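Below is one structure, written out as C-alpha cells; comments come after it.
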Amino acid sequence: MIRYFCLLIVLMLVLGGCSGGDGPTEKLTKEDMGIVRLDNGQKVYYGMNRAEAEEVLGTGQEHARGVFNYESGIAVFYRDDAVVAIRMEEESKGHYQTTRGAEIGMEIGEFKERYGELYAPSRPDDILYYFYDYKKEKFLEKNSPETEKEARNIFVFSSMFHNGYADTLLFTDSYYASSGK
C-alpha cells in the first residue's frame with residue numbers, strides 16, 4: 001500500500017512538471033492582449049480606458065477614424081473611450097513588448113513558445129493569427145462570428161513576419177478587425 005502511495009506521489013510530481021508552468025496557457029485574458037513599456041513595466045491592454053492608456057503612452061496624435069499614433073511605433077484605436085486595438089511596429093523594438101514577452105524582431109518560433117500552437121493557418125505563412133473567444137474561453141480555428149456581439153467577444157492577435165522576423169504585431173477584437181470601428 002505504501003509502495004502504491006509513493007508511486008502515486010512520484011507520478012503526480014512528474015506529471016505536474018510536464019504541465020509547463022512557464023509555457024503558454026490555453027487561455028487569453030484582456031491583459032494578455034496588451035503591451036508593456038520596457039523602461040517602467042507599465043501596461044496598456046484591451047479594454048483599458050483612454051486616460052489610463054495615455055498615462056503610459058503619452059498624448060497621441062489622431063491619425064484616422066479614432067486611431068491614435070504614439071511615440072515609439074505604437075498605434076491605438078479607441079471605441080467608446082476604451083482600447084480595442086493596439087499595433088506595434090518596428091520603432092517599438094527596445095521600448096515595448098507584449099505582456100507575454102514577445103517583441104518586434106523575434107523569430108516565429110519564439111512567438112509560438114509564448115502564444116502556443118493553436119494559431120489559425122494562413123497564406124502566406126508569414127503571418128500568425130490567433131483567434132480566441134474570451135466568453136467561451138477557447139481558441140478558435142477561424143474568425144467567423146455571426147453577430148456584432150460575437151465579434152466583440154473574439155480576440156484577434158496577429159503577428160506579421162518579414163524574412164522570418166516579426167515586424168508588426170496587432171491586438172484587436174474581431175469587430176474592429178472586420179469593420180474598422
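The values are calculated or read from the model by the stated rules, or taken from the named source; none is laboratory data. Keep in mind it's a predicted model, so treat the numbers as computed, not measured. When we count neighbours, we look across all protein chains shown, and the Cβ atoms used for this are built from the backbone with ideal geometry, even at glycine.
Structure summary
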{"quantity": "Number of the condition not met by Thr59 [criteria: (1) in a loop (DSSP other than H, G, I, E, B); (2) in contact with a Lys or Arg (Cβ under 8 Å, 6 or more places away or on another chain)]", "calculated": "(2)"}
{"quantity": "Number of the exception - Gln97 against (1) within 21 Å of Lys181 (Cβ to Cβ); (2) assigned to a strand (DSSP E or B); (3) not aromatic (Phe, Trp, Tyr)", "calculated": "(1)"}
{"quantity": "Pairs, first farther than 13 Å from Ser72 by Cβ in segment 36-54, second of a type in the set (Asp, Glu) and buried (at least 16 other Cβ atoms within 10 Å of the Cβ), C-beta under 8 Å, six or more apart", "calculated": "Tyr45/Asp32; Tyr46/Asp173"}
{"quantity": "Restricting segment 46-77 to residues that are closer than 20 Å to Tyr132 by Cα and not aliphatic (A, V, I, L, M), the residue that is surrounded by the fewest Cβ atoms within 10 Å (Cβ to Cβ)", "calculated": "Gly47"}
{"quantity": "Val14 β-branched (Val, Ile, Thr), more than 18 Å from Phe157 (Cα to Cα), out of contact with any Pro (no Cβ under 6 Å at 6 or more places or on another chain) and at pLDDT below 95", "calculated": "yes"}
{"quantity": "Flag for Leu170 being hydrophobic (A, V, I, L, M, F, W, C) and in contact with a Lys or Arg (Cβ under 8 Å, 6 or more places away or on another chain)", "calculated": "yes"}
{"quantity": "Every residue from segment 77-94 that is part of a strand (DSSP E or B) and closer than 19 Å to Ile154 by Cβ", "calculated": "Phe77, Tyr78, Arg79, Ala82, Val83, Val84, Ala85, Ile86, Arg87"}
